[in-house]
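Structure record follows, encoded as structure tokens.
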Amino acid sequence: MDNLRLKKGQSKNSEGFFYRLLAVPELGVIVALISCAVIFQSLNSVFLSSQVMGSIVQAVTFVSIIAVGQAFLLISGVFDLSVGAVAGLVAVSSGKLMTSMGWPVWAGIIGGLALGAAIGAVNGFMVTRAGVPAFIQTLGMMFVAQGMIQVVTKGYPVYPLPEVMTTIGESSFFLTLGWNAVIWVVVSLVGDFVIRKTSIGRNLYVIGGNSEVAKIVGINVQRYQMNCFILAGTLSALSGILVMATLSAGAPSIGGGWELTVIAGTVVGGVSLFGGVGTVAGAIMGVLLIQCVQSGLITSGLSPNFQLIAVGTILVLAVFLDVSRRGYRNRMRNSEKAETPVFPLEKGKGGGE
């Protein structure tokens, strides 16, 4: 009998260990990152060189800044498909303000950030107040922003930019990384701290987990989601301005296809499409994983056409694992509730005969 109880206890402990392990949203992406590094390094010994690593981080910085805002949105239960187009529109618009309009650099930057925040506010209002589904609203905004890019630029890049912008874009402190990387690190650390350690983050998890429960406990769901849309728009604008500075021109192609990379990377990093689960750190690692796969395919000599195939496959697998993990955790919770003993009330205590 004692041996049987011991075996049952060990089984429950192992199940509890796996339950806690699956509760770590970054687990999968950490394992995948290590696996990819080992595989691609074995295929090409230059993959882990400082030059390749520097180029990977440089490419990740812009998309990762947007991924911070997308993580806030997804955790709260919504998402934004217009982030790439907004980044491109802000880049060319801010460039126009600095060139054709003759605005000072600081004013052009503030104007661009304000435009991104305004677009985010429009998305937030239409989704939270007007009741338009996030998919429809942000998809429509993506097309509007893409059209506005062509209206502003007429298909031509915006240049020459002020020398200050070129200096910012060409700065290099370590491994070809400059101000872009510094801003990326600051945004990422602040975003992760807010999600993990503040009441704002805790409320966002509640909203994404069950918005009706959040309303019952007094959380203003509409206000939180509205602010998340504004944050996503502002960070998209910031990323677009940084790319413009790096290219020394407001190219109409800035932001093209970023929405797929941002959402795929965020979901791959453990942020659930269904809301209420994930971290900013996980989202950034997810974007890093996708970039590692793309760079690894190139260094291995495979055709760049396989990059989209790889990203799509990773996204589908990530969603599948997310659904499986949620299902397993729900089954564990239900089994724990079923095993909890219910003691009947004794006569004369708390309730009559």
*Please work out which one of (1) at pLDDT below 70; (2) under 24 Å from the mean Cα position of the chain (by Cα); (3) in a loop (DSSP other than H, G, I, E, B) is the condition residue 348 fails and give its number.*
(2)
*Residue count, the range 132-188 (criterion: within 23 Å of the chain's Cα centre (by Cα) and of a type in the set (Gly, Ala, Ser))*: 6
_Residue that is surrounded by the fewest Cβ atoms within 10 Å (Cβ to Cβ) [pool: residues in the range 196-222 that are farther than 20 Å from residue 66 by Cα and in contact (Cβ under 8 Å) with a residue 24 or more places away in the chain]_ = 210
*How many residues are of a type outside the set (S, T, N, Q) and either without any contact (Cβ under 8 Å) to a residue 24 or more places away in the chain or within 26 Å of residue 164 (Cβ to Cβ) (or both) if we restrict to the range 121-139?*
7
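Only one of 127, 105, 92 is surrounded by 15 or more Cβ atoms within 10 Å (Cβ to Cβ), within 12 Å of residue 244 (Cα to Cα) and among the aliphatic types (A, V, I, L, M). Can you tell me which?
Exactly one residue qualifies, and that residue is 92.
Across the range 43-58, what is the number of residues that are outside any helix (DSSP H, G or I) and in contact with a helix residue (DSSP H, G or I) (Cβ under 8 Å, 6 or more places away or on another chain)?
Taking the range 43-58 as the starting set, the residues that turn out to be outside any helix (DSSP H, G or I) are 44-49.
After this cut, where a residue has to be in contact with a helix residue (DSSP H, G or I) (Cβ under 8 Å, 6 or more places away or on another chain) as well, the list is 44, 46-48.
Total meeting the criteria: 4.
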_Selection from the range 265-282 of residues that are crowded, with 24+ Cβ neighbours inside 10 Å and touching a Leu at 6+ places or on another chain (Cβ under 8 Å)_ = 265, 266, 267, 268, 269, 270, 271, 278
*Is at least one residue of the range 19-34 at pLDDT 60 or above, exposed (fewer than 12 other Cβ atoms within 10 Å of the Cβ), hydrophobic (A, V, I, L, M, F, W, C) and on the phi < 0 side of the Ramachandran plot?*
yes
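The values are calculated or read from the model by the stated rules, or taken from the named source; none is laboratory data. Bear in mind that the values here come from a model prediction, so they are computed numbers and not experimental data. Note that each Cβ is placed from the backbone with ideal geometry, even for glycine, and that neighbours are counted across all protein chains shown.
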